[in-house]
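Chemist: Provided herewith is a single structure, encoded as structure tokens, for subsequent inquiry.
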Amino acid sequence: AQSVTQPDIHITVSEGASLELRCNYSYGATPYLFWYVQSPGQGLQLLLKYFSGDTLVQGIKGFEAEFKRSQSSFNLRKPSVHWSDAAEYFCAVGASGGSYIPTFGRGTSLIVHP
Amino acid sequence: DAGVTQSPTHLIKTRGQQVTLRCSPKSGHDTVSWYQQALGQGPQFIFQYYEEEERQRGNFPDRFSGHQFPNYSSELNVNALLLGDSALYLCASSLWGGQGSYQPQHFGDGTRLSIL
């Protein structure tokens, strides 16, 4: 069965600083990988996804993520964080050739200082 | 263009009661999935409905059941509520692309269920 580990429960950055959120997955075959964002009191919004091809994936809101098979990682990055990026971020893995129903990590809470 | 709407937004129940949560999918979508998100956790997949049938199910007991109506809206029913059922319940809609086909999901804002 697939699983996702997000090792950081909270991350604090200053506005304008760069950001990297870590995600490690466990899956026996080629995974399908997702990053979602959840603002307080709201549902999830898909930031980006990786299925195959270029391992550097561009998403919405200036986010990108890099798939590294050798490290079983799919870290999310942003070069300059805005105060509006403060939210909960979830990494998820879906079974390749299956239903694409994502298995989520427990999330990383991003706090942005002015 | 309305997105995914869920009702109610908040609900308080006591142990042993039954609850029904409702979801209207985004316009044009025909598939509805339900997720449970406990406090401090990521969402967990409960089940997915298409053509009024349960197509996939996660690791949840039979106390959790659902229904999809001809207009594609859906209900999640939970019987014999436990304290551990307290969570945010998220509905997501999508187009059915066939088994094994990816279609992006659009999430509602959820129903916050509290069990006393």
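Chemist: Just checking the output field for B:105-115: average partner chain Cβ neighbours within 10 Å of each residue's Cβ?
Modeler: 3
Chemist: What percent of all Cα-Cα pairs in the range A:1-88 falls in each 5 Å bin, counting up from 0?
Modeler: Calculated P(r), rounded to whole percents: 3, 13, 25, 26, 19, 10, 4, 1.
Chemist: Could you work out the local net charge near A:P114, counting Lys and Arg as +1, Asp and Glu as -1, over the other residues with Cβ closer than 15 Å to its Cβ?
Modeler: Local net charge: -2.
Chemist: Based on the inverse mean of 1/r over its pairs of different Cα atoms, what is the Kirkwood hydrodynamic radius of chain B, in Å?
Modeler: Kirkwood radius, chain B: 14.1 Å.
Chemist: Specify the longest stretch of chain B that does not include any exposed loop site, a site being one of the GluC sites (Glu not before Pro) with a non-H, G, I, E, B DSSP assignment and at most 15 other Cβ atoms within 10 Å.
Modeler: It runs B:53-116.
Chemist: Using only the alpha carbon atoms of the range B:47-92, find the Kirkwood hydrodynamic radius as the inverse mean reciprocal pair distance, in angstroms to one decimal.
Modeler: 11.6 Å
Chemist: Here's another thing I want to ask about it. When you look at the Cβ of every residue in A:1-8, what mean number of other chain Cβ atoms sits within 10 Å?
Modeler: Per residue, the average neighbour count from other chains is 0.
Chemist: Would you kindly derive the ³J(HN,Hα) couplings of the range B:104-116 from the backbone phi angles with the Karplus curve 6.51 cos²θ - 1.76 cosθ + 1.60 (θ = phi - 60°), listing them in order in whole Hz, with x for Gly and Pro?
Modeler: Computed from phi, the couplings for the range B:104-116 are x, 9, 10, 9, x, 7, x, 10, 8, 9, 10, 10, 9 Hz.
Chemist: May I pose another question? About the Cα centre of the protein assembly as shown, how large is the charge dipole given +1 on each Lys and Arg Cβ and -1 on each Asp and Glu Cβ? Please answer in debye to the nearest 20.
Modeler: That gives the protein assembly as shown a dipole magnitude of about 380 debye.
Chemist: Let me ask something else. Quick check: convex hull of the Cα atoms in the range A:58-101, volume per residue, rounded to a whole Å³?
Modeler: Value for the range A:58-101: 104 Å³ per residue.
Chemist: Would you order B:S27, B:S93 from fewest to most other beta-carbon atoms within 10 Å of each residue's own beta-carbon?
Modeler: Ascending number of Cβ neighbours within 10 Å: B:S27, B:S93.
Chemist: Below 15 angstrom from the Cβ of A:A92, what's the summed charge of the other residues (Lys, Arg +1; Asp, Glu -1)?
Modeler: +2
We did not get these values from a lab; they are worked out from the coordinates using the rules stated. These numbers were taken from a predicted model, which means no experiment stands behind them. When we count neighbours, we look across all protein chains shown, and the Cβ atoms used for this are built from the backbone with ideal geometry, even at glycine.
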